[in-house]
Amino acid sequence: MSGADTLRSAGAGVMTVARLEFRLRIRAGRWRWMVAAWFVLLLAITGLVRASLTERNLSRDQVQARGAVMFGVVMLIVLALALLVSPALAAQSVNGDRERGTLATLQVTRLRPGEIAVGKLLASWGTALVFLAVTLPLALWCFAEGGLSVLRVFGVYLVTTLLLGVICSLALGLSALLARSTTSGVLAYLTVFALSVGTFIAFGLATVLTQEHAKASSVSCSYDENGNEVPGSCVKQEYEASVPRTDRTWWLLAPNPFAVLADSAPAGPTREIRQPDGRVVEEGVSLDPLGAMSRALHQIRVKPTLQDNGLSTFYDVPDGVVGSSVWPTGLIIDLLLGAGALWLTARRLRTPTYKLARGQRIA
């Protein structure tokens, strides 16, 4: 059999498993109500965000960027809700079939373990993408409000799609590794917690533990009743300051799905600001959540240096210095985790099985 025939055969096997899994989910019937409830909830959230962004509460620049602000808030909420939904779509895919006695039916066919694993992943991932696709009308609403580019919408949806695939793959791997579907479901949600909240906690603790102590100084002066400085009254005081070195610990925060989504979003709306020296610079709109998070993530990669304003010396990030992006590292880590979970699933689906967990059935 040629390489092309092998690929076609593998593709046909994957699609067969995916169709079986997807039809099983559709027959449940309740997914339609879940999708409807999902859309209604997000529609209400989008409406509330729009109601809060009125001309009375915003500046002119912020009004022009209202669509980008709405889109950023809505997509962060979509990702948060999707991280709650996605694990449930795959956490019982393997051990649930084993408990029902239907997994062995697939394993005794000519389907390879890898084809079964990829097919199950595509089914759960595809179901998650249905929930994501339902939000497209909300993205169009945000686009109509202004300040939002097509490139930004496409980039955010693409990264969200990849992140949902990673979460589904991790849940699928736990389903193949553990005998009980309840256990795999709980651990899948704990994995999501570790990636989202856990990475933030680890970053904070590591930053505290790795901070440096350096000497800084400040000058204090005395002033008379007219507010004039008393000659010879200025005293320079030196002290030891704690310097957080986030440039060493940023990688702990990189795999966070929210960090990856915000930092990977294409450039958002900006406004022009005239400096005292006459230069005109552009800065991001402050209300844009994705842009604000991205700028903060870039700053943590910059090494603080000793600054001197004439009256004191202190350690801080130099003005105008922007750090590198965080999202490429984070997305690569997440994709590697997803690929490793998929490989583990395929390995656990190999037959014959020489060792079974206590209480685990074969067929």
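Would you confirm whether or not the stretch 82-102 contains a residue that is open to solvent by 40 Å² or more (accessible area, probe 1.4 Å) and over 30 Å from Val14 (Cα atoms)?
We begin by selecting, within the stretch 82-102, every residue open to solvent by 40 Å² or more (accessible area, probe 1.4 Å); these are 84, 88, 92, 99-100, 102.
Keeping just the survivors that are over 30 Å from Val14 (Cα atoms) gives none.
Within the stretch 82-102, not a single residue is open to solvent by 40 Å² or more (accessible area, probe 1.4 Å) and over 30 Å from Val14 (Cα atoms).
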Which condition from (1) open to solvent by less than 30 Å² (accessible area, probe 1.4 Å); (2) not in a loop (DSSP other than H, G, I, E, B) is the one that Thr182 breaks?
(1)
Leu41 being modelled with pLDDT under 85 and either under 30 Å from Ala117 (Cα atoms) or open to solvent by 50 Å² or more (accessible area, probe 1.4 Å) (or both)
no
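Can you tell me which residue in the stretch 35-87 is farthest from the chain's Cα centre (by Cα), limited to those that are of a type in the set (S, T, N, Q) and closer than 22 Å to Phe258 by Cβ?
So the first thing to find is which residues in the stretch 35-87 are of a type in the set (S, T, N, Q), and the list is 46, 52, 54, 57, 59, 62, 64, 86.
So of that shortlist, the ones also closer than 22 Å to Phe258 by Cβ come out as 46, 52, 86.
Working: Thr46: 20, Ser52: 25, Ser86: 13 Å.
Among them, the one singled out is Ser52.
State whether the residues of the stretch 150-169 include one that is over 14 Å from Ser93 (Cα atoms), outside any helix (DSSP H, G or I) and either of a type in the set (A, V, I, L, M, F, W, C) or open to solvent by 30 Å² or more (accessible area, probe 1.4 Å) (or both).
If we filter the stretch 150-169 for residues that are over 14 Å from Ser93 (Cα atoms), which is where we start, we get 150-166.
From what is left, the residues that are outside any helix (DSSP H, G or I) are none.
No - not one qualifying residue is present in the stretch 150-169.
Looking for whichever is out of contact with any strand residue (DSSP E or B) (no Cβ under 8 Å at 6 or more places or on another chain) and either closer than 30 Å to Ser220 by Cα or modelled with pLDDT under 80 (or both) here; the options are Asp277, Asp334. Which one fits?
Numbers: Asp334 fails: either closer than 30 Å to Ser220 by Cα or modelled with pLDDT under 80 (or both).
Answer to the check: Asp277.
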Conditions first: (1) over 26 Å from Val156 (Cβ atoms); (2) open to solvent by 10 Å² or more (accessible area, probe 1.4 Å); (3) modelled with pLDDT of 80 or more. Ile116 passes all but one, so which condition is the exception?
(2)
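The values are calculated or read from the model by the stated rules, or taken from the named source; none is laboratory data. The structure displayed is predicted, hence computed values, not measured ones. Glycine also receives a Cβ, built like all others from the backbone with ideal geometry; neighbour counts cover every protein chain displayed. Accessible surface is based on the protein model in full, side chains and every heavy atom, while ligands, DNA and RNA are left aside. Shrake-Rupley method; radii C 1.70, N 1.55, O 1.52, S 1.80 Å.
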